[in-house]
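Worksheet: the structure to be examined is printed underneath.
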Amino acid sequence: MTQTIAIVVWSLGMILWWIIRIPHQRRARKQAVKSHRKSMAERAALAAAAVGLVVVPLIHIFTGAFRFADYPFQPLLAWTGAILLVLFLWLFRESHRHLGRNWSITLEIREEHKLVTEGLYRYVRHPMYAAFWLWALAQSLLFANWVAGISGLIGVGILYFSRVGKEEAMMRANFGQEYDDYCRTTGRVIPKI
Ligand code: SAH
């Protein structure tokens, strides 16, 4: 593996992420929304994730603006990144499949929203966010560059920590005891033992 191949792997991951999401985005537009918790902070957090995971690496690839922060490429790290990227894509696809019509890019409750507790959601409450952590980790291993490597982790960190508490409060307000019971047996991104 070379840095160029690692960048091709990262790019493929990004394209596949986009392809996996398209049908869900289309379907989501047609699902009526009952209530939402959208805010400027929520929008800013989503933008931070997009900048860290997509914009910064693309600027690095196309302009070399962050070349000052390069360090020697290590194939073993990049291979580990490639494996995490495959795991990310699998988790992302599976969590979308299980969430189905209940998915939203922001914090929304749909008409006829159902609490999903099956599949990956049986073990963790946020498999899709776990997937985003894996993507960010993969990025940090595929780029031998401090700026492009760490930007994804910062972006996902901002999205995750600003959103997860609000999302759980929204779910609790909507599902009450059912959500409390669900929380008792699941972890946020790491299964409860
Ligand atoms: N946090 C989840 C889902 C991310 S998508 C994950 O990481 O997998 C965000 C939307 O999913 C939220 O607006 C919420 O309405 C919905 N959601 C989150 N958990 C859910 C669950 N267990 N069942 C149904 N909908 C859920």
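Since every read-out is calculated from the coordinates, none of them should be taken as a lab result. Computed from a predicted structure; not experimentally measured. Here the Cβ positions follow ideal geometry from the backbone for every residue, glycine too, while neighbour counts run over all protein chains shown.
Taking Lys34 as the anchor, which lysines have their alpha carbon closer than 25 Å to its alpha carbon, excluding any fewer than eight residues away along the same chain?
Filter leaves Lys114, Lys166.
Can you give me the C-alpha center-to-center distance between the stretch 111-148 and the stretch 67-89, rounded to a whole angstrom?
Each part's Cα centre sits 18 Å from the other's.
At most 12 other Cβ atoms within 10 Å and a DSSP loop assignment: could you name the trypsin sites (Lys or Arg not before Pro) in the stretch 65-153 that fit?
On the way: sites: Arg67, Arg93, Arg97, Arg101, Arg110, Lys114, Arg122, Arg125; in loops: Lys114, Arg125.
Sites meeting the loop and neighbour criteria: Lys114.
Non-local amide H neighbours of Arg188 (under 5 Å, H modeled in plane, Pro and chain starts lacking H): which ones?
Residues meeting the amide H criterion: Arg125.
Using 10 Å bins from zero, what percent of all Cα-Cα pairs in the chain falls into each bin?
Final binned percentages: 9, 33, 34, 17, 6, 0.
Highest mean first, how do 129-141, 175-187 rank when packing is the count of other Cβ atoms within 10 Å averaged over residues? Walk me through the intermediate numbers first.
Working: 129-141: 22.8, 175-187: 13.4.
Going by the mean number of other Cβ atoms within 10 Å, highest first, we get 129-141, 175-187.
Pairing the Cα long axis of helix 40-50 with the longest principal axis of the chain, what angle in degrees results, from 0 to 90 and rounded to the nearest 10?
The helix 40-50 is inclined about 40 degrees to the chain.
Quickly rank 148-160, 3-15, 23-35 as a protection proxy: mean count of other C-beta atoms within 10 Å, highest first.
Final packing ranking: 148-160, 3-15, 23-35.
Return the long-range amide H neighbours of Arg110 (sequence gap of 5 or more, or a different chain), with a cut-off of under 5 Å between placed amide H atoms.
Close amide H contacts, sequence-distant or interchain: Lys34.
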